């Protein structure tokens, strides 16, 4: 799963989602329930990246994170990519790989 550590990475991941929405109709980034899971999850009221990376950057939408347990990325009304907490992540996930492997 992906972990996002900067504004630039957030923009790249959001852009991938926009391409999925446009090219294959698999994402609806304006509806947090249909957005892409980032690999961000909550346990014992703390947030974690699924790949174990430390959380160094966040970009929660206003009023987020809510009480739900999974972080997804979506396109906010301010035309920025924000994170939303949802009860169940969509089946669409963003993964990252190490190009040096």
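The values are calculated or read from the model by the stated rules, or taken from the named source; none is laboratory data. Keep in mind that what you see is a predicted model, and the values were worked out from it rather than measured. A quick note on method: Cβ atoms are made from the backbone with ideal geometry, for glycine too, and the neighbour counts reach across all protein chains shown.
General observations
- Among the residues making up the range 36-60, those that are within 14 Å of the chain's Cα centre (by Cα), over 12 Å from residue 10 (Cβ atoms) and surrounded by fewer than 20 Cβ atoms within 10 Å (Cβ to Cβ) are 41, 42, 47, 48, 49, 50, 51, 55.
- Selection status of residue 15, modelled with pLDDT under 90, within 12 Å of residue 81 (Cβ to Cβ) and surrounded by fewer than 15 Cβ atoms within 10 Å (Cβ to Cβ): yes
- Among residues that are surrounded by fewer than 14 Cβ atoms within 10 Å (Cβ to Cβ) and modelled with pLDDT of 85 or more, residue 25 is not included.
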